[in-house]
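What follows is a short report on a single structure.
The values are calculated or read from the model by the stated rules, or taken from the named source; none is laboratory data. Here the structure is a predicted model, which means the values were calculated and not measured. Positions of Cβ are backbone-derived with ideal geometry, glycine not excepted, and every protein chain shown enters the neighbour counts.
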Amino acid sequence: MDIIPAIEKEILSQPKRIAITMHTNPDADALGASLGLAAFLKKKNHHVSVIAPTNYPEFLDWLPGIADVIIYEKNNQQLSFELIANADIIFCVDFAVLNRINDLAGPVSQAKATKIVIDHHLDTEDFADVMLWNPKATAAAELVYELIEALGETNCIDKSIAECLYVGILTDTVSFKTPNTTPHVHRIVANLLEFEVDVAKINKLVYDSNSLNKLKFLSFILSNRLTVLPDYKTAYIAIKSADAKQFNLNTGDTEGIVNYALSIKGIVLAALIKEKHDRVCISLRSVGDFAVNTFAKEYFHGGGHKNAAGGMSNLSLEETITTFEKLVKHNQDLLKQ
Ligand code: 5GP
Ligand code: MN
């Protein structure tokens, strides 16, 4: 199926009920791409709802339109199920495997709606009618921009839409530092900046809005919870639930912390291993050829991108750390680069 005509026929012909959903623990790309798309579709007179399976980090509470996001886990189960069941179109943004949306997976897969995936993760599952999928894209937000452009609708972009898409690309490229940051991406961002995106304000809000508490937490974990395995070019940070409690952490407060482990000279693989109520969550980052999405998929029920992925473990924190160290040793040949 030719993608753009298919989407054009579905979404531009007449007003539709549209549900947009994104992956659990939504980040700036999942939210920015979803909200940018939602604002665009609202301008085309569709009835749009945006559903996040779980809450978003506080540092994104300024995103245009975020107040209207329906957070499934916050007592919105029934509403979310109804919106999904009654939708004409469901956009799946920043994920392409259904287990990324937890309890919403069943309702989305059973929904009668036309399902359109907009994603750049390597793992995909065959559940959608239309796949706007490109694993080389830096961000789902980049794909949303390309969709609007391919539909010939860039005249609909305004400051709010541009800021939503900008922040998705900004954060998924780690401030335009990842190897997939091409001239093409910079051109898209340049086009977005034409809409008076407040670059300084957004960067301040995203990167320089730490609470003192969060900085103290960071200082504590870098001093007490960081382990470096120089022989394996690996560094990891392990956070106990008691640590999160002690520092009174909010959703998203550990976002980006894994990058401190990766920032150590010579480190190829970095992990954040975080104890949650009933499981241990793992964030993985790498530089170069070591594919953390494969590592996450093989050992931690997860996936993601080559250099940024995540997963989980049902073992205790201590057992997960032991397993992680064993796996690192097992993969030592791949880590030599
Ligand atoms: P983060 O470490 O920031 O949570 O996630 C890094 C990347 O891996 C993101 O692109 C995210 O979508 C993906 N990711 C994180 N956790 C999982 C997971 O459990 N499964 C899959 N398939 N991808 C994940
Ligand atoms: Mn993304």
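Is it fair to say Leu151 is closer than 29 Å to Cys281 by Cα and either out of contact with any Gly (no Cβ under 9 Å at 6 or more places or on another chain) or more than 16 Å from ligand 1 (Cβ to nearest atom) (or both)? Spelling it out, it is not the case that Leu151 is closer than 29 Å to Cys281 by Cα and either out of contact with any Gly (no Cβ under 9 Å at 6 or more places or on another chain) or more than 16 Å from ligand 1 (Cβ to nearest atom) (or both). Candidates in the stretch 230-250 are the residues that are surrounded by 15 or more Cβ atoms within 10 Å (Cβ to Cβ) and among the small types (Gly, Ala, Ser); of these, the one that is nearest to Gln337 (Cα to Cα) is Ala235.
Does the stretch 230-243 contain any residue that is touching a residue at least 60 places away in the same chain (Cβ under 8 Å), within 15 Å of ligand 1 (Cβ to nearest atom) and not in a strand (DSSP E or B)? Scanning the stretch 230-243, I find no residue that is touching a residue at least 60 places away in the same chain (Cβ under 8 Å), within 15 Å of ligand 1 (Cβ to nearest atom) and not in a strand (DSSP E or B), so the answer is no.
Applying the condition of being among the small types (Gly, Ala, Ser) and touching a residue at least 60 places away in the same chain (Cβ under 8 Å) to the stretch 59-89 and asking which residue is farthest from Asn155 (Cα to Cα) yields Ala87. I'd like the full set of residues that are without any contact (Cβ under 8 Å) to a residue 60 or more places away in the chain and among the polar types (S, T, N, Q), limited to the stretch 176-226. Of everything in the stretch 176-226, those that are without any contact (Cβ under 8 Å) to a residue 60 or more places away in the chain and among the polar types (S, T, N, Q) turn out to be Asn180, Thr181, Thr182, Asn191, Asn203, Asn210, Ser211, Asn213, Ser219, Ser223, Asn224. Restricted to the stretch 284-300, and to residues there that are β-branched (Val, Ile, Thr) and without any contact (Cβ under 8 Å) to a residue 24 or more places away in the chain, the residue that is farthest from ligand 2 (Cβ to nearest atom) is Thr294.
Taking the condition of being more than 9 Å from ligand 2 (Cβ to nearest atom), among the β-branched types (Val, Ile, Thr) and farther than 18 Å from Pro5 by Cα, how many residues in the stretch 121-141 meet it?
Initial filter on the stretch 121-141 (more than 9 Å from ligand 2 (Cβ to nearest atom)): 122-136.
Next cut, among the β-branched types (Val, Ile, Thr) only: 124, 130.
So of that shortlist, the ones also farther than 18 Å from Pro5 by Cα come out as 124.
Of the residues in the stretch 121-141, 1 are more than 9 Å from ligand 2 (Cβ to nearest atom), among the β-branched types (Val, Ile, Thr) and farther than 18 Å from Pro5 by Cα.
Does Thr227 qualify as being in contact with a Phe, Trp or Tyr (Cβ under 6 Å, 6 or more places away or on another chain) and surrounded by 15 or more Cβ atoms within 10 Å (Cβ to Cβ)?
Working: in contact with a Phe, Trp or Tyr (Cβ under 6 Å, 6 or more places away or on another chain): yes; surrounded by 15 or more Cβ atoms within 10 Å (Cβ to Cβ): yes.
So Thr227 passes the test.
Of the residues in the stretch 98-107, at least one is under 30 Å from Thr182 (Cβ atoms), within 13 Å of ligand 1 (Cβ to nearest atom) and in contact (Cβ under 8 Å) with a residue 40 or more places away in the chain. Taking Thr251 as the residue in question, decide whether it is β-branched (Val, Ile, Thr) and closer than 24 Å to His23 by Cα. When the stated conditions are applied, Thr251 passes them. Looking only at residues that are under 24 Å from Asn250 (Cβ atoms) and polar (S, T, N, Q) in the stretch 56-102, which one is surrounded by the most Cβ atoms within 10 Å (Cβ to Cβ)? In this case the residue turns out to be Ser80.
Here Val197 passes the criteria (1) more than 16 Å from ligand 1 (Cβ to nearest atom); (2) in a helix (DSSP H, G or I); (3) not basic (Lys, Arg) except the one numbered (2). Within the stretch 37-58, the presence of a residue that is within 16 Å of ligand 1 (Cβ to nearest atom), within 19 Å of Leu143 (Cα to Cα) and either in contact with a Gly (Cβ under 6 Å, 6 or more places away or on another chain) or touching a residue at least 60 places away in the same chain (Cβ under 8 Å) (or both) is excluded. Across the stretch 283-307, the number of residues qualifying as in a strand (DSSP E or B), closer than 18 Å to His330 by Cα and touching a Lys or Arg at 6+ places or on another chain (Cβ under 9 Å) comes to 1. The residues of the stretch 275-290 that are of a type outside the set (A, V, I, L, M) and surrounded by fewer than 24 Cβ atoms within 10 Å (Cβ to Cβ), listed by number, are Glu275, Lys276, His277, Asp278, Arg279, Cys281, Gly288, Asp289, Phe290. Taking the criterion of being within 7 Å of ligand 1 (Cβ to nearest atom) and in contact with a helix residue (DSSP H, G or I) (Cβ under 8 Å, 6 or more places away or on another chain), the residues of the stretch 273-322 that qualify are Ser283, Leu284, Gly302, Gly303, Gly304, His305, Ala308, Ala309, Gly310, Gly311, Met312.
Looking at this structure, is Asn213 part of a helix (DSSP H, G or I) and either at pLDDT 95 or above or under 28 Å from Lys306 (Cα atoms) (or both)? First the steps, then the outcome.
Details: part of a helix (DSSP H, G or I): yes; either at pLDDT 95 or above or under 28 Å from Lys306 (Cα atoms) (or both): no.
No, not satisfied.
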